[in-house]
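Data first, discussion second: the structure below is written as structure tokens.
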Amino acid sequence: MNPFDEIENIYHSINSSAMKGVTKKKNVLICDKVDSLMLDELKKREFDVNYEPEIASMKLKDSIEKYDIVILRSRTKLTQDILEKAVNLKIIARAGIGVDNIDTKYAKSRNIQVITAAGSSTHSVAELNVALAVSLARNLIPLDINSKNGIWIKDTGFELSGKTSGIIGFGRIGLSTAKILKSIGMEILAYDIFENQEAIKEVGGHFVSMNELLSNSDFIFILVTLSDSSSNIIGEEQMKMVKSGSFLINTSRSEVIDGRVLLNYLESGRIKGYATDVLWNEPPTEEWEKTLISKPNVIVTPHIGAQTVEAQKRVAEYTLNNLFAKISEMGI
């Protein structure tokens, strides 16, 4: 079945329920790179689309008043000072899952609806989590560099099988990651403020306290959504509890970890390795960040969790489904 069949059905229902006197054509600004299917589907349906994937914040601020809908990914920041200029904006569509780059509180005060593509990148991020864990355990990046430079040293690594994984943030991505880890033969521990007992039973795991997870896990996966309560959820006190020689993998947001504390624990050897898909500044600008990512036991990828062909098509599909449904719901 064509994934856009459902979109077609939703759009037909929008047209059939359109109120007299309401203009169908809506001005849409797309601020970041998206799959071409999203552009094609919007244009086919009489949306006036302006595609500016590299738009600067100043230009965005000056032009946003023209748009009914803004579609963005993680690069673009919709701060209050920008949204104050968005006098016609009705919907912000986040082509992804995180909304920490949107001032959602201010948007709500203006009755601007914020929608996401929740679930679209679950599999791609889960697979990246496991790939990063294996890369750390087998020291693959330094071995690759050495081999290409004629240094033939057979470093001894670790198997994931038989080890304990600790997953901080047991939502869709946490569960999907746990399923792969269980198939490898890992024990699953999880921490989440909302304990989904049915989900943890699927992988034969256990919910435990944060301290118990940190002190008993060989591989710690940080998968929480960034919020006021999760900012610096891993700081000095938590690092003290981490099992010596463990590996940390972070594909959520950099702000959930105190980076300077992490650097200290990596340099001391207490943390054996760190792999991340997110940085505090992308690309890094501060010296301590540059020092951290230069470590041979640190792996960095440039925020590619959702960067697979399959995930980007799902992002387009989920975003459009949710956008058209919201338009229908709002009667605009």
In the range 288-332, residues that are free of Cβ contacts under 8 Å to residues at least 60 places away in the same chain, out of contact with any strand residue (DSSP E or B) (no Cβ under 8 Å at 6 or more places or on another chain) and hydrophobic (A, V, I, L, M, F, W, C) total 2
**Message:** Please verify whether D277 is over 22 Å from L132 (Cα atoms), of a type in the set (D, E), in the same structural domain as K182 (by the TED database) and under 18 Å from the mean Cα position of the chain (by Cα), treating the condition exactly as stated.
**Reply:** no
Going through the range 101-122 in order, the residues found to be surrounded by 19 or more Cβ atoms within 10 Å (Cβ to Cβ) and part of a helix (DSSP H, G or I) are A107, T122
When restricted to A137, A126, A133, A190, the only residue under 24 Å from R314 (Cα atoms) and either touching a Phe, Trp or Tyr at 6+ places or on another chain (Cβ under 9 Å) or among the aliphatic types (A, V, I, L, M) (or both) is A126
Restricting attention to the range 268-312, the residues that are touching a Leu at 6+ places or on another chain (Cβ under 8 Å), more than 22 Å from N101 (Cβ to Cβ) and either part of a helix (DSSP H, G or I) or aliphatic (A, V, I, L, M) (or both) number exactly 7
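Condition check ((1) under 24 Å from the mean Cα position of the chain (by Cα); (2) modelled with pLDDT of 95 or more; (3) of a type in the set (S, T, N, Q)) across all residues:
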{"site": "N27", "(1), (2), (3)": "no, yes, yes"}
{"site": "L37", "(1), (2), (3)": "yes, no, no"}
{"site": "K61", "(1), (2), (3)": "no, yes, no"}
{"site": "L78", "(1), (2), (3)": "yes, yes, no"}
{"site": "L89", "(1), (2), (3)": "no, yes, no"}
Matching residues in the range 134-168 (farther than 20 Å from I271 by Cα, in a loop (DSSP other than H, G, I, E, B) and either under 20 Å from the mean Cα position of the chain (by Cα) or β-branched (V, I, T) (or both)) number 2
When (1) in contact with a helix residue (DSSP H, G or I) (Cβ under 7 Å, 6 or more places away or on another chain); (2) closer than 27 Å to G174 by Cβ; (3) buried (at least 21 other Cβ atoms within 10 Å of the Cβ) are applied to V28, the one that fails is (2)
In the set I97, I69, the lone residue that is modelled with pLDDT under 95 and either buried (at least 21 other Cβ atoms within 10 Å of the Cβ) or within 25 Å of the chain's Cα centre (by Cα) (or both) is I97
Return yes when Y51 is surrounded by 15 or more Cβ atoms within 10 Å (Cβ to Cβ), over 21 Å from E317 (Cβ atoms) and either outside the structural domain of L323 (by the TED database) or at pLDDT 95 or above (or both) and no when it is not. no
Scanning the range 175-207 for residues that are small (G, A, S) and touching a helix residue (DSSP H, G or I) at 6+ places or on another chain (Cβ under 7 Å), the one surrounded by the most Cβ atoms within 10 Å (Cβ to Cβ) turns out to be A190
Subset of the range 146-186, residues more than 30 Å from V208 (Cα to Cα), β-branched (V, I, T) and at pLDDT 95 or above, comes to I151
Considering residues that are surrounded by 15 or more Cβ atoms within 10 Å (Cβ to Cβ) and under 21 Å from G162 (Cα atoms), the number found within the range 211-251 is 17
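The values are calculated or read from the model by the stated rules, or taken from the named source; none is laboratory data. No experiment lies behind these values; they were computed from the predicted model shown. Heads up, the Cβs are rebuilt from the backbone with ideal geometry, glycines too, and the neighbour counts pull from every protein chain shown.
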